[in-house]
1. Is it the case that some residue within the stretch 181-190 is in contact (Cβ under 8 Å) with a residue 60 or more places away in the chain, within 28 Å of TYR250 (Cβ to Cβ), touching a Pro at 6+ places or on another chain (Cβ under 9 Å) and of a type in the set (Lys, Arg)?
2. Residue check, ASN241 against (1) of a type outside the set (Asp, Glu); (2) over 15 Å from the mean Cα position of the chain (by Cα); (3) within 24 Å of ALA103 (Cα to Cα), all met but one. Which one?
3. For THR247, are the conditions met, namely being out of contact with any Asp or Glu (no Cβ under 6 Å at 6 or more places or on another chain) and over 18 Å from GLY97 (Cα atoms)?
4. Counting just the residues of the stretch 190-225 that are of a type in the set (Ser, Thr, Tyr) and out of contact with any Gly (no Cβ under 7 Å at 6 or more places or on another chain), which one comes out surrounded by the most Cβ atoms within 10 Å (Cβ to Cβ)?
5. If we scan the stretch 159-176, do we find a residue that is part of a loop (DSSP other than H, G, I, E, B) and surrounded by fewer than 19 Cβ atoms within 10 Å (Cβ to Cβ)?
6. What are the pairs with Cβ atoms under 8 angstrom where one residue, in the stretch 160-179, is farther than 18 Å from GLN116 by Cβ and the other, located anywhere, is in a helix (DSSP H, G or I) and of a type in the set (A, V, I, L, M, F, W, C)? Sequence gap at least six, or different chains.
7. Picking from GLY112, GLY119, which residue would you name as being closer than 17 Å to PHE67 by Cα and either without any contact (Cβ under 8 Å) to a residue 60 or more places away in the chain or not aromatic (Phe, Trp, Tyr) (or both)?
8. Need pairs with beta-carbon distance below 8 Å; first residue closer than 12 Å to ALA217 by Cα and within the stretch 240-261, second of a type in the set (Val, Ile, Thr) and assigned to a helix (DSSP H, G or I); sequence gap 6+ or separate chains.
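The values are calculated or read from the model by the stated rules, or taken from the named source; none is laboratory data. Because the structure is predicted, anything quoted here is derived from the model rather than measured. When we count neighbours, we look across all protein chains shown, and the Cβ atoms used for this are built from the backbone with ideal geometry, even at glycine.
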Amino acid sequence: MPNHVNNVVLSEVDGVYFERWARQYVNAFVKWKGSPIRVGGQFQRSVDVDFRPAPRKLILTGPAAKFANKNAVARMYEDALKVTRPGGRLIVSLGHGAASGGADGNIDLAPGKQFQICGLNNKVGPGNHHISVFYDMDIDGSGPRISNLKNDSLSKKVSFSEKMWPTYARISKAFRASRIDEVVFLTCKVGSSRDFLRKIAADWQVKIRAFKVKVQASPDLTNRGTTRIHFQGEPKGTGANIELSDTSLYPVESSSHAVIIGPTLNR
């Protein structure tokens, strides 16, 4: 049985700010002795603080090129979820995200754009996104109730989406089996694509925490050599651009820019 932890960070190896922040986030908690953290005079009541305590864990993906094999993408999530305790959370920091409408948007599930999932009307195919999460749904509702997945299966020619769907389905299965509580997409703006996120949350049976504005990692000039997670355009000392963000997600996750969407939780 693996040693389960509450907060697992799945991070790309960028050698710069996001990777550096992920290391800080994990290392700070390993050294923490269990005292609650005060934020604004109140004890921080966030899954970011584990009162048991259990250490955080960092999983670095390695070179992006290896994820050209989509089995490696699915296996990465299976391995990460094996060490995330039931009721814990997985923080995904693997690239970009975007919102282009309630049901449209995209998220990188592997570094180097090696596996990009997208919404209803985004382009899928070589040079574009790898799979729409709505591929298994009958969207228009007219005529025979048949999804694009079912429709493609009736053809002798295997479509690009048919080739990519098993990877997404395998990832979804791993999340459902893990019984973790939450996934945090540490990426930009996808929080505005609520129907897109709602479909992922239903497929994975988790809550999704995402953000409506750009999340960035920047050098913390007050602490030499450290990196801070905050939102684009925030002056130093305001919003999430504070020292606590060097080692905590609380200022970001508790912001009005954050949304939480789940199978039964939508706000």
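1. Within the stretch 181-190, the subset in contact (Cβ under 8 Å) with a residue 60 or more places away in the chain is 181-190.
Okay, now just the ones that are also within 28 Å of TYR250 (Cβ to Cβ), so 181-190.
Restricting the remaining residues to those that are touching a Pro at 6+ places or on another chain (Cβ under 9 Å) gives 181.
Imposing the further condition that a residue be of a type in the set (Lys, Arg) reduces the set to none.
No, the conditions are met nowhere in the stretch 181-190.
2. Result: ASN241 passes all but (3).
3. yes
4. Taking the stretch 190-225 first, the residues of a type in the set (Ser, Thr, Tyr) are 192-193, 218, 222.
Then drop every residue that is not out of contact with any Gly (no Cβ under 7 Å at 6 or more places or on another chain), which leaves 192, 218, 222.
Values: SER192: 19, SER218: 16, THR222: 12.
Result: SER192.
5. Going through the stretch 159-176, the residues part of a loop (DSSP other than H, G, I, E, B) turn out to be 159.
Narrowing the set further to residues that are surrounded by fewer than 19 Cβ atoms within 10 Å (Cβ to Cβ) leaves 159.
Yes, there is a match, as at least one residue in the stretch 159-176 is part of a loop (DSSP other than H, G, I, E, B) and surrounded by fewer than 19 Cβ atoms within 10 Å (Cβ to Cβ).
6. Within 8 Å, the pairs are ALA174/ALA74; ALA174/LEU81; ARG176/TRP204; ALA177/LEU81; SER178/LEU81.
7. Values: GLY119 fails: closer than 17 Å to PHE67 by Cα.
Checking each option against the conditions leaves just GLY112.
8. ALA240/VAL252; SER245/VAL252
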